[in-house]
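The values are calculated or read from the model by the stated rules, or taken from the named source; none is laboratory data. Computed from a predicted model, the values in this text were never measured in an experiment. Glycine gets a Cβ as well: all are built from the backbone with ideal geometry, and neighbour counts include every protein chain shown. What goes into the accessible areas is simple: the full protein's heavy atoms, side chains included, and nothing from ligands, DNA or RNA. Shrake-Rupley method; radii C 1.70, N 1.55, O 1.52, S 1.80 Å.
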Amino acid sequence: MDAPQPTSAKPILTLTVNPALDLSTWTERVVSGHKLRCGTSRLDPGGGGVNVARVVQRLGGHALAVYTAGGATGEAYRRLIESERVPTLVVPIQGSTRQNFTVDETATGEQFRFVLEGPELSDAEWRACLALVAESIPVGGYVVASGSLPPGVPEDFYARVARLAREREARCIVDASGPALAEALAEGVFMIKPSRRELGLHVGAVLDTEQSQVEAASALVADGSAEYVALTLGDAGAVLAARSGVLRLAVPAVRVVSTVGAGDSFVGAFVLRLAQGLPVDAAFRAGVAAGSATAMTPATELCHRADVERLEAELSAGAH
Ligand SMILES: Nc1ncnc2c1ncn2[C@@H]1O[C@H](COP(=O)(O)OP(=O)(O)OP(=O)(O)O)[C@@H](O)[C@H]1O
Ligand SMILES: [Mg+2]
């Protein structure tokens, strides 16, 4: 049995407008012109916000996941997420929920990730998402808007979510890239979680030195775009910029199997620890621990609670 979450935990809502049914499998070698015989496959209900809610659930917390679903893939998606008992609110759409495809090449250990665009949302559909978010935002809680925007959804969609969150005194966390991220930052958010590439694209620099990373993250805090910028750097750990200063963490020693979902796991653990009332430095350690714990699991599988808690304790011991 999971330990009960303290009743004082703040509520969390996640939003996924472009979820994906993640199909993953393996083959010995990916070559053109041949049938590629694949091994066992697994299906997961993926996509930024849904993954964040699944990680929160795995760690013993609760997050309400708002997501779109349509077509036969959407039906399969619903069944999968319901089997994990994550609380959800579904916005039905005309188009079919997309599928992503991940292939592990066993001969080399390489991983191939095919990411599809997603069905076009009509005006009425994305407005229905916003309306549902507006009525479900937990006052004083957390809203996590995560993942790409499908065709048809305006670039200021996450900025609109951020505005709704502010009206309800909720803290908005955005994990997105390109124009969707830029618009959200222009509106002002509680936190963003870019990768090096995403923050680099935003500021128009490569960010290949620690100094450039810290400067880019800190500048967004200084100009009021975000209270916190959690820049994750894959196997190089993460940087957290805040008004009070900059924290940096290296990853704990783990055996890396597949990093799919590491970013979402970072966000899930981070927001859960904040919602539970822990200070930001502890939430940051939890984020890195959960990202690295997900790197230990195969294909699209997310982190296990025991691994996260062990790595959190390790990072915490290193902090003293
Ligand atoms: N190779 C790795 N080894 C150990 N830990 C890792 C590795 N890759 C990722 N992590 C952990 O996961 C966190 C988030 O990973 P990353 O920076 O790759 O996110 P991302 O680019 O948003 O990933 P995603 O592909 O899920 O969007 C890192 O800060 C780190 O703690
Ligand atoms: Mg990411």
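Out of the residues in region 42-67 that are part of a strand (DSSP E or B) and charged (D, E, K, R), state the one that is surrounded by the most Cβ atoms within 10 Å (Cβ to Cβ). Here the answer is D44.
Which of the residues spanning region 222-247 are touching a residue at least 24 places away in the same chain (Cβ under 8 Å), more than 11 Å from ligand 1 (Cβ to nearest atom) and part of a loop (DSSP other than H, G, I, E, B)? Once the filter is applied, which keeps residues that are touching a residue at least 24 places away in the same chain (Cβ under 8 Å), more than 11 Å from ligand 1 (Cβ to nearest atom) and part of a loop (DSSP other than H, G, I, E, B), region 222-247 yields G224, S225. Selection of region 71-116 for residues being open to solvent by 70 Å² or more (accessible area, probe 1.4 Å), assigned to a loop (DSSP other than H, G, I, E, B) and in contact with a strand residue (DSSP E or B) (Cβ under 7 Å, 6 or more places away or on another chain) yields T106, V115, L116.
Of all residues assigned to region 122-139, at least one qualifies as being among the β-branched types (V, I, T) and open to solvent by 60 Å² or more (accessible area, probe 1.4 Å). For region 136-177, the tally of residues that are within 16 Å of ligand 2 (Cβ to nearest atom) and either in a helix (DSSP H, G or I) or not β-branched (V, I, T) (or both) stands at 9. Here are some residues: A269, A282, A317, A289. Which one is assigned to a helix (DSSP H, G or I), farther than 28 Å from T27 by Cα and in contact with a Gly (Cβ under 6 Å, 6 or more places away or on another chain)? Criteria check complete, one pass: A269.
Assuming Q111 fulfils every condition listed in (1) out of contact with any Gly (no Cβ under 9 Å at 6 or more places or on another chain); (2) on the phi > 0 side of the Ramachandran plot apart from one, which condition is it? It is condition (2) that Q111 fails.
Return yes when A299 is surrounded by fewer than 23 Cβ atoms within 10 Å (Cβ to Cβ), closer than 26 Å to Q211 by Cβ, at pLDDT below 95 and among the small types (G, A, S) and no when it is not. Even if it seems obvious, please write down each step before you answer.
Values: surrounded by fewer than 23 Cβ atoms within 10 Å (Cβ to Cβ): yes; closer than 26 Å to Q211 by Cβ: no; at pLDDT below 95: yes; among the small types (G, A, S): yes.
Taking the combined requirement at face value, the residue does not satisfy it.
Residue-level check: of (1) at pLDDT below 95; (2) open to solvent by 10 Å² or more (accessible area, probe 1.4 Å); (3) within 16 Å of ligand 2 (Cβ to nearest atom), A319 misses just (3).
Applying the set (1) open to solvent by less than 10 Å² (accessible area, probe 1.4 Å); (2) in contact with a helix residue (DSSP H, G or I) (Cβ under 7 Å, 6 or more places away or on another chain) to G200 leaves exactly one unmet item: (2). Just to verify a result, which residue in region 141-188, among those that are open to solvent by less than 10 Å² (accessible area, probe 1.4 Å) and of a type in the set (V, I, T), is nearest to A128 (Cα to Cα)? Top of the filtered list is V161.
Here A219 clears all of (1) surrounded by 19 or more Cβ atoms within 10 Å (Cβ to Cβ); (2) away from ligand 2 (no atom under 13 Å from the Cβ) except the condition numbered (1). Against the test of being of a type outside the set (V, I, T) and at pLDDT below 95, the options P138, P179, P150 yield a single qualifying residue, P138.
Just one of the listed residues (F284, F270) is crowded, with 24+ Cβ neighbours inside 10 Å and within 18 Å of R54 (Cβ to Cβ), namely F270.
Return a yes/no flag: does region 248-261 have any residue that is away from ligand 1 (no atom under 13 Å from the Cβ), within 15 Å of R58 (Cα to Cα) and part of a loop (DSSP other than H, G, I, E, B). Let's see the steps before the verdict.
Applying the first criterion (away from ligand 1 (no atom under 13 Å from the Cβ)) to region 248-261 yields none.
Checked against the condition, which is being away from ligand 1 (no atom under 13 Å from the Cβ), within 15 Å of R58 (Cα to Cα) and part of a loop (DSSP other than H, G, I, E, B), region 248-261 yields no hits at all.
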